[in-house]
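To keep things clear, I will list the structure first and then write my remarks on it.
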Amino acid sequence: MAHEGVAVWIQGISRRSLADGTLARLVARGAVGGAVLSLRELGRETREGTAYRAQIRSLRARGVGAETALKALHRYDARWVCDVLAARFAATRGADGWVCAEVDPRSAGDAPGLLAEARALAGAVARPNLLVSVPATAAGLAAASDCLAEEIGVAMTHLYAPRHYRDAVDAYFEGLGRTREAGRPPTGSSVASFDVARTAKALVGRPGTAAPPARPAQALARAAYLLYEESLGTPTWRRLRNAGARQQRLLWPDAGEADPAAAVHLAEDLVAWNTVQAMSERTLDAVVRQGHPQGDTLSHRPADALERTAHSWATSADVERAATALAAAELRERARETEALTGDWRDL
């Protein structure tokens, strides 16, 4: 995958993976070049594991409330992971070694609130290789653009359709453009996290929608990658590139496949230059043991009938409607989980 320009990042890292050295070993072996943290994983570990107990006791003894404590745990992890990946970040001159950490998903519809959360998270972590994960709602895209204008790196998340990705590209260009217009180099970095596997699963067998192609996740990824390639040919990007901007990368998050073979096949289907695959430890192990990538699977496709049909499906109104509903449902669930986690504070 590395030979095809794919960066592999680890997804689902928790305090346990940090404390037992799992992440450090993966980075030392060159197996991963970045990491994705989530409040969901933090919540699972606080309920089911022991790695956070000492810090939780310390915070509770100091009278720290639930909201502040949750942020403290997440930011502590983010600093730790950033430090583990600091050498990778330096060696690649910022091309890799990035760490994604989340803002509170309950702020997804509040642009000023998201910007304030992003500023606070970036300030508290205070590491150059941090990307603040911001949901790509209308409010989130506005906040992401503001972050980039302030040179705060962002991961735009909860993208479920090619049009959602196009909106993320526009927000990236807009934020960097504001930096350039202010007379500063457009150095803000970004990834766009497009969950093609979740969208594909939501559409298979969905009543009232066209039948998906044989490999729906790959069809969605190809449609998005085509938009990526087209964006690099625009006058806007040429101006930004000449001013020193980096390309925003597409990131394919882990699908959570229970079947290792299915996880491997999906990873092999999503290979293209300058992209990121975020994998759980289980998926990464399966890919290392069983994977046989066959080169680029997303770009330079022949325009035959099957390919045109797959592209038409991936960019259809059916997909866009289903993806918009999926994004809203996922953000509601994330907000509910975060609310429950703060409510459980006294019982942790």
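Computed quantities for the displayed model
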| item | result |
| --- | --- |
| Pairs, first touching a residue at least 12 places away in the same chain (Cβ under 8 Å) and more than 18 Å from Ala263 (Cα to Cα) in region 209-220, second assigned to a loop (DSSP other than H, G, I, E, B) and open to solvent by 40 Å² or more (accessible area, probe 1.4 Å), C-beta under 7 Å, six or more apart | Pro212/Val204 |
| Top-ranked residue in region 168-200 [being touching a Leu at 6+ places or on another chain (Cβ under 9 Å) and part of a loop (DSSP other than H, G, I, E, B); ranked as nearest to Phe89 (Cα to Cα)] | Ser189 |
| Elements of type helices (runs of 4 or more DSSP H) contained in region 229-317, each with 2 or more residues being at pLDDT 90 or above and within 30 Å of Leu23 (Cβ to Cβ) | 260-269, 281-290 |
| Output for region 50-86, where each listed residue is more than 22 Å from Ala118 (Cα to Cα) and open to solvent by 60 Å² or more (accessible area, probe 1.4 Å) | Thr50, Arg53, Ala54, Arg57, Arg60, Ala61, Arg62, Gly63 |
| For Asn129: the one exception among (1) under 18 Å from the mean Cα position of the chain (by Cα); (2) under 20 Å from Arg321 (Cα atoms) | (2) |
| Test: residue in region 167-188 that is touching a Phe, Trp or Tyr at 6+ places or on another chain (Cβ under 7 Å) and open to solvent by less than 10 Å² (accessible area, probe 1.4 Å) | no |
| Residues (among the small types (Gly, Ala, Ser) and either open to solvent by less than 50 Å² (accessible area, probe 1.4 Å) or modelled with pLDDT of 95 or more (or both)) located in region 1-27 | Gly5, Ala7, Gly12, Ser14, Ser17, Gly21, Ala24 |
| Complete set of residues in region 199-242 that are open to solvent by less than 40 Å² (accessible area, probe 1.4 Å) and over 24 Å from Val271 (Cβ atoms) | Thr209, Leu240 |
| Pair list, Cβ under 6 Å, 6 or more apart: region 259-274 residue at negative phi, other residue of a type in the set (Asp, Glu) | Ala263/Glu257; Val271/Glu4; Val271/Asp296; Ala272/Asp296 |
| Residue that is modelled with pLDDT under 95 and within 30 Å of Ala2 (Cα to Cα), where the choices are Ala95, Ala87 | Ala95 |
| Qualifying residue in region 35-48 (condition: open to solvent by 30 Å² or more (accessible area, probe 1.4 Å) and more than 20 Å from Leu284 (Cβ to Cβ)) | yes |
| Qualifying position, being on the phi < 0 side of the Ramachandran plot, of a type in the set (Gly, Ala, Ser) and in contact with a Ser or Thr (Cβ under 9 Å, 6 or more places away or on another chain), among Ala86, Ala69 | Ala69 |
| Filter result (out of contact with any Cys (no Cβ under 8 Å at 6 or more places or on another chain) and among the polar types (S, T, N, Q)) within region 93-143 | Ser107, Thr137 |
| Filtered residue count, region 120-157, keeping only those that are in a helix (DSSP H, G or I), open to solvent by 40 Å² or more (accessible area, probe 1.4 Å) and either touching a Pro at 6+ places or on another chain (Cβ under 7 Å) or not hydrophobic (A, V, I, L, M, F, W, C) (or both) | 2 |
| Selection count where residues are surrounded by 19 or more Cβ atoms within 10 Å (Cβ to Cβ) and at positive phi, scope region 243-258 | 0 |
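The values are calculated or read from the model by the stated rules, or taken from the named source; none is laboratory data. A quick note: this is a predicted structure, and the numbers were derived from the prediction, not measured. Positions of Cβ are generated from backbone atoms using ideal geometry, with glycine treated the same way; all protein chains shown enter the neighbour counts. These area figures cover heavy atoms from the full protein model, side chains too; ligands, DNA and RNA do not enter into them. Shrake-Rupley method; radii C 1.70, N 1.55, O 1.52, S 1.80 Å.
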